[in-house]
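For reference, the structure is listed below as structure tokens.
The values are calculated or read from the model by the stated rules, or taken from the named source; none is laboratory data. Just so you know, these numbers come straight off a predicted model, no measurement behind them. Backbone-built Cβ (ideal geometry, glycine too); neighbour counts: all protein chains shown. Please note that ligands, DNA and RNA were not included when accessible areas were found on the heavy atoms of the full protein model with its side chains. Shrake-Rupley method; radii C 1.70, N 1.55, O 1.52, S 1.80 Å.
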Amino acid sequence: MATTKGTKAPEDAYTAEPFVPERGGLTALREAAAECRGCPLHQDATQTVFGNGDTDARVLLVGEQPGDQEDRQGKPFVGPAGRLLDRALAEAGIDPGQTYVTNAVKHFKFTRSGPGKRRIHKAPSLREMTACGPWLAAEMALVEPELIVVLGATAGKALLGSSFRVTKQRGMVLEEEIHGRPARLVATIHPSAALRADDREAVYQGLVSDLKVAARALG
Ligand code: URA
Ligand code: SF4
């Protein structure tokens, strides 16, 4: 007898893997990612926010997940955090136009709260980050960056594992193996931390100083 009992996929089966095309460039990846149902985050978000930028870039930047503006516009780092990031990059000597920018998770996760039921960012779970990992792996294989800039704890955990601590590992060149390939990385805080901090200027200067380490590593 047909039954739906037991057919629900276990939660740890969340993965983007079956949606990732085997070949094709950025356009093919972006089109496929638009259809991703690899975890439940696609259900409430407006659209997939895939990475964007120069696929020949020497540097690939990884944030957490799209924010409200990014979810509406379909591009990463177009809101306040993105403007601050561009300013910090330029100040550190990295041309924001010569980077590839993406997020560990490609759909906006939020709760609604307050009188206008504003959408408030909610941190993605480890399971969601892991589910979305195949997209990040595909982007890394496409861009083959000389350096990866890790923006904040979520991106750090997605790339380097759950023991990653931004306070301990920021501002230095890390040599790691990621998805079976050697990679050089520089971690720093998430730019939105500099928007929220009491001492914004000091936090911003810390971001710039870490990005200068990245700029020097690029030579
Ligand atoms: N924060 C992120 O981590 N990514 C974005 O794209 C925007 C804000
Ligand atoms: Fe797919 Fe990632 Fe969106 Fe989940 S968050 S549905 S894995 S693109």
Kyte-Doolittle cut-off 0.0, length cut-off 24 Å along the helix's own axis using Cα: show which whole DSSP H helices in the chain pass. 126-143, 200-218
Using DSSP, restrict attention to beta bridges with both residues in the chain and report what percent are antiparallel, rounded to the nearest 5. 45 percent
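How compact is the chain by the rule of thumb for globular proteins, expressed as Cα Rg over 2.2 N^0.38 Å? Write down the numbers at each step before the final one.
Working: Rg = 17.4 Å, N = 219, 2.2 N^0.38 = 17.1 Å.
Rg over 2.2 N^0.38 Å, computed on Cα atoms: 1.02.
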Charge dipole magnitude, Cβ of K and R +1, D and E -1 - the chain, Cα centre, debye nearest 20: 740 debye
Could you list the residues of the stretch 116-143 with an amide nitrogen less than 14 Å from a label point located 7 Å from the Cα of Glu177 in the Cα-to-C-beta direction? none
Per residue, what accessible area does the stretch 15-218 have, given a 1.4 Å probe and all protein chains present, in Å²? 48 Å²
Determine the share of the chain's accessible area contributed by carbon and sulfur atoms, expressed in whole percent, with a 1.4 angstrom probe. 49 percent
Amide H of Gly79: which non-local residues (sequence gap of 5 or more, or other chain) have their own amide H closer than 5 Å, using H built in the peptide plane? Glu70
Work out, step by step, the length gained on full extension between Glu91 and Gln69: first 0.36 nm times the residue separation, then minus their alpha carbon distance; give nm to one decimal. 5.5 nm
May I ask you to derive the FRET efficiency for Thr46 and Gln98 from their Cβ-Cβ distance with R0 = 41 Å, giving the value to the nearest 0.05? 0.90
Set the Förster radius R0 to 30 Å, insert the Cβ-Cβ distance between Arg118 and Arg165 as r into 1/(1 + (r/R0)^6), and round the FRET efficiency to 0.05. 0.45
For the pair Asp199/Glu17, report the inter-label distance in nm, with labels modelled 7 Å from Cα in the Cβ direction. 4.6 nm
